[in-house]
Amino acid sequence: MTVRGAECGIYTITLQLAKYSMTYKRTKFRELIKSLTSEELDESLDDFSSVRNQFTDGQEKSLRIRIILDYFERHQEEIESLLEAIKKCNLTAYNKYVSEKMSSENSEPKLAPSDETNPKSNSTPNVPEDKNCDILVLAANPIGTDRLQLEKEANLIRERLQEGVVGKKYIVKVEIDVQVENLSKYLLQYNPLIIHFSSHGSPSGEIILNNDQGKPQPVSPEVLAELLAIVKGRIECVVLNACFSLEKADALSNQVSCIVGMSAEIDDESALRFAAGFYRALGLGRGYYTAFEVGRNEIKLLSLPDSAVPHLFTRDTLFLQREELKRTVTRTAPPQSTEATLYPLWFGTNRKPQNAQDPSLGFSGERDRQLHYGTCQVAVPISHKFGSTGSSWWRRWLTSTDDRLKLKQESLKFFQENNFWDEIQRTLQANQPDERSALVFIHGFNVSFEDAALRAAQIGVDLQVPGIMAFYSWPSRGKLVSYPADEATIEASERYITEFLLNLAQKSGAEKIHIIAHSMGNRGLLRAMQRILTQVQAGSKISFGQIFLAAPDVDPDIFIELAQAYQNLAERTTLYISAKDKAVATSGIIHDHDRVGFSPPITVVDGIDTVLVSNIDLTLLGHGYFADAYPVLYDMRELLIHNTSPEKRLRLQQAQEHGQNYWIFGQ
């Protein structure tokens, strides 16, 4: 079996496309495009779907302008059509462009088409059409390494793209026997949208290319990320189709929206088939996440090994949704606003409504003696940042961008119990078969109903929950000084949490029910699971999928005594703890005893995977990492989709406490 490790290699092919000469001045054309407002630019591009399809929500205007310029350099026969569209929406800008262009042509010496450059621009000089591409395949086969099917891979990428209307518009370039010193040349020369590395990787995460003598030369992701930052092209996806390439791939995440890499050795045929499936989906107009899953599925369909090795990494989850969020604007209707996406939530609560006759007024911090069911929507802006419900006021002021998630109060709706479960069943049945699960978030201390809704929406969006997102909001007062009151309230809420979870398991029709409990919310969940276990032993058949216990503000002795319920009821239970969690540490001081969510000591219980998160970048308080820190979010995503055991999960390293295994996020 040939694998794409450090001992493997590749051979050479060269592909060329016809050249086209420049017939217009890029500088003048750029000035025209820059002079248009966003709305005028949208309207002008109504008939140019191949340009619009390259846009992503939240994309900077400067990057969109570059995409437009690159496209019309390749398709100059369409420039007149674009100018006519611009003329209709901004006659002044159009007339200025035509006037300046005619003046320039009458006064400046003519250059041969192949010699035209843009000396006044700080961008790369104009190059012939064949020096621009959408997908750049970079491959290397250093001397002394095993041969891989890289010519076949390059051909498959082209063939699969040709299966779709969208794929036929992609321009693909392939460079083989790539030398490290030529990386910058190719990136500047081709200005690709997607870079596909087809080579080998070292166990430490480097990509293996050639040196000037054709021998292996490793390239670290950190150095590659630095190069991408310098080049500042339009790259939005990097595919690292090489062994171990995901080891340090997150180094690229600040420069590229989407990274695909391999977490271990991958069989050559499996790597080839992953690429074939990935580009088939892209060619048929699907987004990166769908393409990634199609690639993994193709490995499975052919009964090949290593389908769990490919991983997708991004901090921009709205970027992954772009196939659903693409705008379709016509001149006969005003453009649809893309300022925010409304994210639906389902909830249960034993809070007292502010006004039982007016749901839009929401809920108080007072207890009620009944369980309320309902739905609401949270507006998620296109500027949403992964792991955040919104930036601080001063950052919003500096950036002039409001990235806050906002609860739409008018969307709050109450349901009678039976109607609530019927509605969930209808919603899940309308989903694809693999999108019929439910994820429930149970919040902690000092959280209002609105805060709980915002956090639930952020988790749902960032984890790309394959089904519905729900939350249970117990009557926390939402005040720091109300810690003793909240302790009493969470205890009084145990029966209602139990009822909500039992009903969800028995009446929703969800195929999998997952739970995230945070901080003090773990006390309510622990007792609820104990109550449910009693009913299971009495004959009910109840089971849950993934249960995530994040920063539990729970006495370790009580936890160890009752943790058997998790082992019996859940497919897998993961306990996240930290030595930097100041909130849980303070609780330990208040109670004069250790807490499960703080280490030392490290709480390890049979049947529960304990993960220490202290090494990752935490917030100042270090308490909200379960929803703020992207390594934890990605770890939860991996569990939700694949139920991967900790020894096979990216970034986790094994350690021991008193002879028992636990796991640590690597440095």
Which of (1) touching a residue at least 40 places away in the same chain (Cβ under 8 Å); (2) over 26 Å from L504 (Cα atoms); (3) open to solvent by less than 30 Å² (accessible area, probe 1.4 Å); (4) not hydrophobic (A, V, I, L, M, F, W, C) does S599 not meet, given it meets every other one?
(1)
Looking at A271, A242, A291, which is the one that is open to solvent by less than 30 Å² (accessible area, probe 1.4 Å) and free of Cβ contacts under 8 Å to residues at least 40 places away in the same chain?
A291
V165 fails exactly one of the following numbered conditions: (1) at pLDDT below 85; (2) open to solvent by 50 Å² or more (accessible area, probe 1.4 Å); (3) within 29 Å of D70 (Cα to Cα). What is the number of that condition?
(1)
For the range 631-667, the count of residues that are at pLDDT 90 or above and aromatic (F, W, Y) equals 2
Filter result (surrounded by 23 or more Cβ atoms within 10 Å (Cβ to Cβ) and either under 19 Å from F386 (Cα atoms) or among the basic types (K, R) (or both)) within the range 444-453
A452, A453
With the structure loaded, tell me whether A457 is open to solvent by 30 Å² or more (accessible area, probe 1.4 Å) and not in a loop (DSSP other than H, G, I, E, B) or whether it fails that test.
no
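If you check I547 against the conditions, is it open to solvent by less than 10 Å² (accessible area, probe 1.4 Å), at pLDDT 95 or above, of a type in the set (A, V, I, L, M, F, W, C) and closer than 23 Å to G374 by Cβ?
Details: open to solvent by less than 10 Å² (accessible area, probe 1.4 Å): yes; at pLDDT 95 or above: yes; of a type in the set (A, V, I, L, M, F, W, C): yes; closer than 23 Å to G374 by Cβ: no.
No, not satisfied.
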For the range 26-35, indicate whether the set of residues that are modelled with pLDDT of 70 or more, surrounded by 14 or more Cβ atoms within 10 Å (Cβ to Cβ) and part of a loop (DSSP other than H, G, I, E, B) is non-empty.
yes
The lone exception for D606 - which of (1) open to solvent by less than 20 Å² (accessible area, probe 1.4 Å); (2) within 22 Å of L533 (Cα to Cα) it fails
(1)
Of those in the range 63-111 that are at pLDDT below 70 and among the hydroxyl-bearing types (S, T, Y), the residue farthest from the chain's Cα centre (by Cα) is S107
Mind checking which residues of the range 388-410 are in contact with a Gly (Cβ under 9 Å, 6 or more places away or on another chain) and either at pLDDT below 85 or not aliphatic (A, V, I, L, M) (or both)?
R396, D402, D403, R404, K406, Q409
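Of the residues in the range 449-488, how many are under 25 Å from P344 (Cα atoms) and of a type in the set (D, E)? First the steps, then the outcome.
Within the range 449-488, the subset under 25 Å from P344 (Cα atoms) is 449-478.
Then drop every residue that is not of a type in the set (D, E), which leaves 450-451, 462.
Of the residues in that region, 3 qualify.
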Can you confirm whether N431 is more than 17 Å from N350 (Cβ to Cβ) and in contact with a strand residue (DSSP E or B) (Cβ under 9 Å, 6 or more places away or on another chain)?
yes
Could you figure out which of (1) free of Cβ contacts under 8 Å to residues at least 60 places away in the same chain; (2) polar (S, T, N, Q); (3) within 28 Å of S614 (Cα to Cα) isn't true of Q506?
(3)
How do the helices (runs of 4 or more DSSP H) wholly within the range 259-338 filter down when requiring 2 or more residues that are modelled with pLDDT of 85 or more and of a type outside the set (F, W, Y): which remain?
268-283, 288-301
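Yes or no: R495 among the charged types (D, E, K, R), open to solvent by 40 Å² or more (accessible area, probe 1.4 Å), assigned to a helix (DSSP H, G or I) and without any contact (Cβ under 8 Å) to a residue 24 or more places away in the chain? Give the steps one after another, and end with the answer.
Numbers: among the charged types (D, E, K, R): yes; open to solvent by 40 Å² or more (accessible area, probe 1.4 Å): yes; assigned to a helix (DSSP H, G or I): yes; without any contact (Cβ under 8 Å) to a residue 24 or more places away in the chain: no.
No; evaluated as a whole, the condition is false for this residue.
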Under 8 Å by Cβ, and 6 or more places apart or on different chains, what pairs join a residue from the range 639-657 that is more than 25 Å from D434 (Cβ to Cβ) with one that is assigned to a helix (DSSP H, G or I) and open to solvent by less than 20 Å² (accessible area, probe 1.4 Å)?
R651/P631; R651/D635; L652/D635; L652/P646; Q654/P646
May I ask you to list the residues in the range 617-630 that are at pLDDT below 85 and of a type outside the set (D, E)?
L618, T619, L620, L621, G622, Y630
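The values are calculated or read from the model by the stated rules, or taken from the named source; none is laboratory data. Note that this is a predicted model, so its numbers are computed, not measured. Ideal geometry is used to build each Cβ from the backbone, glycine not excepted, and the neighbour counts take in all protein chains shown. Note: accessible area is taken over every heavy atom of the protein model, side chains too, but ligands, DNA and RNA are not part of it. Shrake-Rupley method; radii C 1.70, N 1.55, O 1.52, S 1.80 Å.
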